[in-house]
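Visitor: A single structure is presented below for examination.
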Amino acid sequence: MNQEYRNRIDRVITYIEEHFSQKLTLDDLAQIASFSKYHFSRIFTSIIGVTPVVFLTRIRLEKAVSYLGNSDLAILQISLLCGFESLSSFNAAFKKYFNSTPSEIRNDLIKNCNYSNYSLVDRNKNEEAANPNRYAEGSNNNFLRRIWNMKISIHELPNYEVAYVRHVGSYLDTYHAWGKIGEWAAKNGLFPPDQYFIGISLDDPSTVDEFECRYDACVTLPPGFRKEYNTGENNSDHLGDIEFATLPGGTYALYSFYDKADQLAIAYSSLFGQWLPNSQYDPDDRYCLEFCMNDPATDPEGKCKVDLYVPIRERG
């Protein structure tokens, strides 16, 4: 891995360890790492193995356990010292990670002085031993080998005028948006290969609740397309959801993906965790573009063919 990427993530880790008691946002941490907020979480997760939010919570819990066992501070005071916004969120975090309340843990520490029961590092190792990586088997292993040897090409894309439908919810349900934009595109004579169908995942599902994730299903528009005469309001049924936007062009790294849809997340992780750190590029503050090159429903193997474009800029 390029040492610069590791150093930038290490700066974030050091900052978290020194400022865990303060309110920290993804914007703050991304700025420290000199990455855009949109891409920072993917890079951090790919390198460290957990999201920035999870890492921060674990640091706070480790500190809280130390306070519980080595001080007589009130639990409310400990929760504030460790950066939790309320006693209820403090209790909820302990229940989630340790299946115990802070009071129960304090009593156990006083009685048994056994801190290993509440070490998140040891707990993670045990979980990994009990749950071997499912990607180490069968076809997933073959897929990972292809990813590790991924062929990336660099392209300059123009600006694209697009019509789109926004989906808010699980990324597994984006077909609703594709159904709407597909029907509208057909009514307006917009078909491949003259026009592209592009998906944009606006949120990182590792940091945003599954049912709050935003996704845009887009179709490119030809020059001279009269938007004012082709809005959803002038069509029937549910097509009032149609909106228009300009997707910014620029330099992008292209990875041609062809596999089951659920493997696309691994491709993202490998691009941000392996290829980018070892390249001469940083991710730019634009959205990744997923050019849909086939219909998985008609593919002989039910696979997705996606040209995944990651926005980049030359490092330094």
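The values are calculated or read from the model by the stated rules, or taken from the named source; none is laboratory data. Because the structure is predicted, anything quoted here is derived from the model rather than measured. In this analysis, Cβ positions are derived from the backbone assuming ideal geometry, glycine residues included, and neighbour counts consider all displayed protein chains. These area figures cover heavy atoms from the full protein model, side chains too; ligands, DNA and RNA do not enter into them. Shrake-Rupley method; radii C 1.70, N 1.55, O 1.52, S 1.80 Å.
Visitor: Name the residues in the range 74-115 that are in contact (Cβ under 8 Å) with a residue 40 or more places away in the chain, on the phi > 0 side of the Ramachandran plot and open to solvent by 60 Å² or more (accessible area, probe 1.4 Å), would you?
Guide: Cys113
Visitor: Considering only residues that are out of contact with any Pro (no Cβ under 6 Å at 6 or more places or on another chain) and assigned to a helix (DSSP H, G or I), which ones fall in the range 43-55?
Guide: Quick first cut of the range 43-55, residues out of contact with any Pro (no Cβ under 6 Å at 6 or more places or on another chain) only: 43, 45-55.
Scanning the range 43-55 gives Ile43, Thr45, Ser46, Ile47, Ile48, Pro52, Val53, Val54, Phe55.
Visitor: Continuing with this model, one more query. Which condition from (1) within 30 Å of Ser201 (Cα to Cα); (2) in a loop (DSSP other than H, G, I, E, B) is the one that Phe40 breaks?
Guide: Tallying (1) within 30 Å of Ser201 (Cα to Cα); (2) in a loop (DSSP other than H, G, I, E, B), Phe40 fails exactly one: (2).
Visitor: Just give me the residues in the range 269-280 being crowded, with 19+ Cβ neighbours inside 10 Å and in contact with an Asp or Glu (Cβ under 9 Å, 6 or more places away or on another chain), in sequence order.
Guide: Hits for the range 269-280 are Leu276, Pro277.
Visitor: How about the range 161-217: which of its residues are of a type in the set (Val, Ile, Thr), surrounded by 21 or more Cβ atoms within 10 Å (Cβ to Cβ) and not in a helix (DSSP H, G or I)?
Guide: Going through the range 161-217, the residues of a type in the set (Val, Ile, Thr) turn out to be 162, 165, 168, 174, 181, 198, 200, 207-208.
If we keep only those that are surrounded by 21 or more Cβ atoms within 10 Å (Cβ to Cβ) as well, we get 162, 165, 181, 198.
The answer is Val162, Val165, Ile198.
Visitor: Still on this model: Is at least one residue of the range 263-277 closer than 29 Å to His39 by Cβ, in a strand (DSSP E or B) and at pLDDT below 95?
Guide: No - not one qualifying residue is present in the range 263-277.
Visitor: Still on this structure, please answer the following. Within the range 42-80, work out how many residues are under 14 Å from Leu109 (Cβ atoms) and of a type in the set (Gly, Ala, Ser).
Guide: Counting residues in the range 42-80 that are under 14 Å from Leu109 (Cβ atoms) and of a type in the set (Gly, Ala, Ser) gives 4.
Visitor: Across the range 56-77, what is the total count of residues that are under 14 Å from Lys96 (Cα atoms) and assigned to a loop (DSSP other than H, G, I, E, B)?
Guide: Number satisfying all stated conditions: 0.
Visitor: Oh, and also: Restricting the range 194-223 to residues that are of a type in the set (A, V, I, L, M) and in contact with a helix residue (DSSP H, G or I) (Cβ under 8 Å, 6 or more places away or on another chain), which is nearest to Ile48 (Cα to Cα)?
Guide: This residue is Ala217.
Visitor: Restricting the search to the range 197-216, which residues are modelled with pLDDT under 85 and under 23 Å from Met293 (Cβ atoms)?
Guide: Filtering the range 197-216 for residues modelled with pLDDT under 85 gives 204-210.
Matches in the range 197-216: Pro205 only.
Visitor: Just for the range 12-25: of the residues that are part of a helix (DSSP H, G or I) and open to solvent by less than 40 Å² (accessible area, probe 1.4 Å), which one is farthest from Asp284 (Cα to Cα)?
Guide: Ile16
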